[in-house]
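Report on the following structure.
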Amino acid sequence: MASDDAKIQSVWSVRYGERVVRKNDVFYNYASYGLPDGDLHMDYNFWVMKSGDKVILMDTGYDISARDWLGEISVLPTPESLKLIELDPLDVDMVITSHFHYDHIGYLELFENAQVISGQAEYDYWFGKRDANALEGEFTTVENLIPVEKAQKEGRLRLISAETEVFPGITVYQVGGHCPGEVVALVQTETGPLILASDAAHFYEQIEHEWPFFAFTSLEEMRNALSFILKLAKETGAVIIPGHDGRTREKFPAAPGAAGSIATVLA
Ligand SMILES: [Zn+2]
């Protein structure tokens, strides 16, 4: 049952890393659009939502200094970001994982008390690969999956496959495409609804033109996911927040004080 009046009081995007990419490299089949190539500022984020004394995160970042995946540059590692925004990871009540890629669940182990919300198809896909020793060359590692398994053993993992209100004011949808169990969150806030798209839509161009990203497990599901997000936004009046677009920081204000160096206020 949807709790119609529940509102999340604040939603912040926290930037832990960045790099510059070329449109040609990140948009699937970009050359077919006949448009010039160009740079895009790719941010690496996680999202913090607060409701009363409850704290909910979407994604957790990763330790850029420990492994150079794609040339990411560290802005501030998650443990230090959390200090700067005055958040103790042990006080986080819930972590929604958008998917299990290295840059989204890298610090999941810090949130020892949190309920973890993940897509059922995400769990099945990656643990299936792990059990088959087939993670070589993938965007996740055996180590990345350990805190997911720990949460499961401790009864803290909740797997969802259909539309689910996981917290009053936060509904998650499993959309697939980029990863089999990619999820997006519709968040009801005091200033209106938001869709945290994470990697179902990395950049604004993908929302504006329904352009797929180059990395996917199913191109058809990725296209469907983009259509679904647009339909959901139309039905609810929600603002869509792409997962990795540096321009989000130009559209929304910086958080007050020192937190403004890393955090953007989405609501
Ligand atoms: Zn990502």
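At-a-glance table
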| quantity | calculated |
| --- | --- |
| Hits in the range 220-242 - residues which are within 19 Å of residue 59 (Cβ to Cβ) and either without any contact (Cβ under 8 Å) to a residue 12 or more places away in the chain or open to solvent by 50 Å² or more (accessible area, probe 1.4 Å) (or both) | 239 |
| Some residue of the range 243-252 being more than 14 Å from residue 175 (Cα to Cα), surrounded by 16 or more Cβ atoms within 10 Å (Cβ to Cβ) and away from the ligand (no atom under 16 Å from the Cβ) | yes |
| Residues (buried (at least 24 other Cβ atoms within 10 Å of the Cβ) and part of a helix (DSSP H, G or I)) located in the range 85-109 | 103, 104, 105, 108 |
| Verdict on residue 215 being within 16 Å of the ligand (Cβ to nearest atom), closer than 26 Å to residue 139 by Cα and surrounded by fewer than 20 Cβ atoms within 10 Å (Cβ to Cβ) | yes |
| Tabulated pairs, the range 70-84, first in a helix (DSSP H, G or I), second open to solvent by 60 Å² or more (accessible area, probe 1.4 Å), C-beta under 8 angstrom, 6+ apart or interchain | 82/88; 84/258; 84/261 |
| Checklist (1) in contact (Cβ under 8 Å) with a residue 24 or more places away in the chain; (2) in a loop (DSSP other than H, G, I, E, B); (3) surrounded by fewer than 16 Cβ atoms within 10 Å (Cβ to Cβ); (4) more than 15 Å from the ligand (Cβ to nearest atom) applied to residue 112, failing item | (1) |
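The values are calculated or read from the model by the stated rules, or taken from the named source; none is laboratory data. Because the structure is predicted, anything quoted here is derived from the model rather than measured. Here the Cβ is made from the backbone with ideal geometry for all residues, glycine too, and neighbour counts use every protein chain on show. Just so you know, the surface numbers come from the protein's heavy atoms only, side chains and all, with ligands and any DNA or RNA stripped out. Shrake-Rupley method; radii C 1.70, N 1.55, O 1.52, S 1.80 Å.
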